[in-house]
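Worksheet: the structure to be examined is printed underneath.
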Amino acid sequence: MDFFQKEVEEVISELKSNEETGLSAVEAETRIQRYGKNVFTPKEKESIFTKIIDSLKEPLILILLISGLISLAMGHIADGLGIFVAVLIATSISIIQEGKSDKAFEALSKLSEDVHVKVVRDGEIVLLSQSDLTIGDIIHLETGDKVPADARIIHASSLGIDESMLTGEAEASSKNSLKIERENCPLAERKNMLYSGTMVIEGRAIAIVISIGDGTEMGKIADELKGELNSETPLQQKLADLGKRISIIGSIVAAGIFLFEVFKMYNQGILVFDNLGAALPGIKDAFVTSVALIVAAVPEGLPTMVAITLAFNMQKMAKNNALVRKLIACETIGSVNVICSDKTGTLTENKMTVVEVWADGKDVPVDQLGNDEMLQNFCLNSTADISNKDGKYEFLGNPTECSLLVCADKNNINYLHYRKEHSEPVSEYNFTSARKMMSTAYQMEKGYRLYTKGSPEKVLSICNRILYNGDVIPMTQEHINEIEAKIKKLQDNARRVLAFAFNDFSQEPQWEDIYNVEKDLVFTGFVGIEDPLRSDVKEAISHCRQAGITVKILTGDNINTARAIATQLGIVKNDSLVLEVTDIDAMSDQELKSKLPNIVVIARSNPTAKMRVVKLLQELNSSVVVTGDGINDAPALKSADVGVAMGIAGTEVSKEASDIVLLDDSFSTIVKAIKWGRGIYENFQRFIQFQLTVNVVAFVTVILAEVLGYAMPFTTLQLLWVNIIMDGPPALTLGLEPPREHLLEKQPIKRNASIVTKDMLLKIVSNGLFIVAALIMLMDTQLLGGTAAQQSTIVFTSFVLFQLWNAFNSREFGVRSIFPNLLKNKMMVGVVFLTFLVQVLVTQYGGNVFKTVPLDLTIWFKIIGFTFSIVIFSELLKLVMRVFQGGSNKG
């Protein structure tokens, strides 16, 4: 018999648990050992053998293998073995780098699974990681929570669950705790069950965990939910297209060189149709050289570099408290130019504290509130919990509600005693962005009482009486004027104001008729709650201005509080507009679009207004970040270019809808993420600039050597070797450059901008042609000395060292010198030096394979000095450009 067919008491008894005390810590640990952690088992990894076979199926690798076999068949043993070694090295690098990338993604997956849930352990409600849940745990869920495991409902209050990811049903499923008699009841009709991964859309529940990890319904389809992080982003597609174009051009040029070589052999009488055997060695050499050129042209390291760079930088961003859930956000956040920010918890500390109280018709000290109706409202009309450890309060739930519980505690009221005394509520009306208040009803000794709290204007509008000097009297306009004046004063000082009311019923009303229940209430008072600005937010706003990013505050607070915060942050200027949502609702789309650039605050914002603002900003070609923490923020988070959810105060619904989760809920972390996003984009450009320069030098040098009648400057294996080391670690470390400070002084990257800029093209062409000219000079003269036999080795070694030095040139863009940031990427400096040492070994001891001869120390120093000229050339070019730009600016 399934758990949904059993009574609640039967399920609790069978699982040896207790609704009030839950499991003990010792028992929970025993069960975790028995049942395992509440996580999905990762899919089985591919074996190393499978990865090797997949790598060998690549078209370019197949061409190389064919070339190697041809070389062996023709007796060129060294060439053949060398090609196979090159394939082995290339394949190994690819597999190792893929493994590192997979590990990075696994680490990110673990971070993203770290959801916390309220659990009863040893008689206390504690926050535990989802992975630490076990069978028999008693969990407490409320609106906005993600269900952490499959569970049988014990108690439910106005509970609605979004099960669309399991059932496909768009409508929220209404839930209760009643036993189901029907056998083989379909999952969608199990009204007393909760399933892992679904969302609490409204209400609250207490439930007992019956299944975890792979045993849950979601665990059974977990494979279908994997792989989101591995989806290709537009930038990856753009880079893949660039790689394809380079490959096509390289293949055409290589084919041209092959035909040119064959034509030369025909002209020289080597290629004779009745004696093809004599020409076969030459044809084979031409073919292998052409293949090597194609390999040199194709940036095989590009996809690997993108994956590693994104994974590495995502981990770095996570350490900086920005957990990237979707790869696309890494590239998009670098181009944002508008941030639509929530206020509470993002711009402010979200450390809500009741600092002022008005009750019973007068101001009272926070710790001397003797109004029972108001204190009961604090404790009973709430889903929050607090704990007091060593005088420090820990908030479990909505920070505003928690601050009210702290206020009750300061008045020696234990909210848990109140809740135990009044048992379960008979009806609840949850907070919505439209109503801006919430109510909870309880059965009392002489009937029923409704407690209501919410925005002052909403609560005042449903009250006709007031508790004044200990008596309930009719509310007059004078009372309203007095209350509104005091509230406005608080709001002008950026206080959040919450009003309270109640009503007693002698007969049970029709709870379903909310409008007749929430009317003619008794106004009891209001509180002023302070939420100070975060210490670093002003500096972050200043960085946004420098970076060409506009900040707009879209908040549920009233206009006075919102304006006060915006003014403190320096967002409000002379021509700025501070509006309420009703103001923009009255505007046409065209009118709102014309005013959006000047609008800095929209108070009393709602989901519809947020969505509309985001849509119209995008129509104005803006790239938009939206921050949010509530369920009502989810639509705007999804529609934004980058949705940013709060990791601490945010609901699971908002986190699911987001692209980035802020682990510290701080606005300044968004600015850091923008800086990282721009840094990632620049790192891709550095890699491309470096790779394209290598390609230009290889192609143009070979073509000019053919045209000018020089011997082929590089052997096939030398080209393959250059390809391996230039696609390998030195190039990949360019993707690990830390973001530059100047990135937040630049204007945002346009969405449709080409990744290869004019500046990059200038550097590729100028540096490439300089290296080509230097290599041709070495082929034509014995400039660096050495014997005739050493000249080809000197050219090959110079080619490699030129590229290693040029890797440093590729680290900076524009007219910035490479020297100020030279040691900021120590890994790159170390890797380049190690690559140089490997090149020394190849040159001195790899003669049989690479057709090199050893060079003496003097020539090595000459080559190092000669190739360093590319750095001097690049720096001089930048100096000239700086002088030219300075003159232009003066003009």
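Overview of values
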quantity	calculated
Check on K826, at positive phi and not small (G, A, S)	no
Any hit, segment 529-551, residues being of a type in the set (S, T, Y), without any contact (Cβ under 8 Å) to a residue 12 or more places away in the chain and surrounded by 14 or more Cβ atoms within 10 Å (Cβ to Cβ)	no
Tally, over segment 589-605, of residues that are surrounded by fewer than 14 Cβ atoms within 10 Å (Cβ to Cβ) and of a type in the set (G, A, S)	1
Given (1) buried (at least 19 other Cβ atoms within 10 Å of the Cβ); (2) free of Cβ contacts under 8 Å to residues at least 60 places away in the same chain; (3) within 21 Å of K610 (Cα to Cα), number of the condition N503 does not satisfy	(3)
Number of positions in segment 577-608 that are within 21 Å of K488 (Cβ to Cβ), free of Cβ contacts under 8 Å to residues at least 40 places away in the same chain and not in a strand (DSSP E or B)	3
Test: residue in segment 18-39 that is modelled with pLDDT of 90 or more and aromatic (F, W, Y)	yes
Exclusive hit being in contact with a Lys or Arg (Cβ under 7 Å, 6 or more places away or on another chain), within 30 Å of V849 (Cα to Cα), assigned to a helix (DSSP H, G or I) and touching a residue at least 40 places away in the same chain (Cβ under 8 Å), set L734, L720, L692	L734
Whichever residue in segment 659-689 is part of a loop (DSSP other than H, G, I, E, B) and not hydroxyl-bearing (S, T, Y) and, among such residues, is farthest from V537 (Cα to Cα)	D659
Residue ID - surrounded by the fewest Cβ atoms within 10 Å (Cβ to Cβ), chosen from residues in segment 631-658 that are outside any helix (DSSP H, G or I) and modelled with pLDDT under 85	I648
Matching option when the condition is surrounded by 15 or more Cβ atoms within 10 Å (Cβ to Cβ), at pLDDT below 65 and not hydroxyl-bearing (S, T, Y), among D79, D150	D79
Among residues of segment 378-401, those that are among the hydrophobic types (A, V, I, L, M, F, W, C) and at pLDDT below 90, counted	4
Pairs with Cβ under 9 Å, 6+ apart, first in segment 461-482 and small (G, A, S), second modelled with pLDDT under 95 and assigned to a loop (DSSP other than H, G, I, E, B)	G470/D360; G470/G361
Filtered residues of segment 200-236 (kept if among the hydrophobic types (A, V, I, L, M, F, W, C), in a strand (DSSP E or B) and modelled with pLDDT under 85)	I201
L178, sole failed condition from (1) surrounded by 15 or more Cβ atoms within 10 Å (Cβ to Cβ); (2) at pLDDT 90 or above	(1)
Test for L396: is it within 42 Å of the chain's Cα centre (by Cα) and farther than 22 Å from P509 by Cα	yes
Test: D513 is assigned by TED's automatic domain parsing to the domain that holds V426, at pLDDT below 90, out of contact with any Phe, Trp or Tyr (no Cβ under 9 Å at 6 or more places or on another chain) and within 26 Å of K453 (Cβ to Cβ)	yes
Matching entry among N598, N560, N621 (being assigned by TED's automatic domain parsing to the domain that holds I333, more than 23 Å from S654 (Cβ to Cβ) and within 24 Å of the chain's Cα centre (by Cα))	N621
Number of positions in segment 506-528 that are among the hydroxyl-bearing types (S, T, Y) and in contact (Cβ under 8 Å) with a residue 40 or more places away in the chain	2
Selection count where residues are of a type outside the set (A, V, I, L, M) and part of a helix (DSSP H, G or I), scope segment 746-766	4
Among (1) more than 29 Å from the chain's Cα centre (by Cα); (2) under 26 Å from Q546 (Cβ atoms) - the single one S754 does not satisfy	(1)
Pair list, Cβ under 6 Å, 6 or more apart: segment 249-261 residue without any contact (Cβ under 8 Å) to a residue 40 or more places away in the chain, other residue surrounded by 20 or more Cβ atoms within 10 Å (Cβ to Cβ)	F258/A286; F258/S290
Among (1) of a type outside the set (D, E); (2) closer than 18 Å to R449 by Cβ; (3) modelled with pLDDT of 95 or more, the one test that V527 misses	(2)
Residue identified as assigned by TED's automatic domain parsing to the domain that holds V853, farther than 30 Å from Q791 by Cα and crowded, with 23+ Cβ neighbours inside 10 Å among F687, F714	F687
Residue match in segment 881-891 (condition: within 20 Å of A774 (Cβ to Cβ) and of a type in the set (V, I, T))	no
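Conditions (1) assigned to a strand (DSSP E or B); (2) on the phi < 0 side of the Ramachandran plot, marked per residue:
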| position | (1), (2) |
| --- | --- |
| G525 | yes, no |
| I529 | yes, yes |
| S535 | no, yes |
| I541 | no, yes |
| K552 | yes, yes |
| G556 | no, yes |
| A562 | no, yes |
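The values are calculated or read from the model by the stated rules, or taken from the named source; none is laboratory data. Bear in mind the structure is a predicted one, so any value in this text is a computation, not a measurement. Virtual Cβ from ideal backbone geometry, glycine too; neighbours counted across all protein chains shown.
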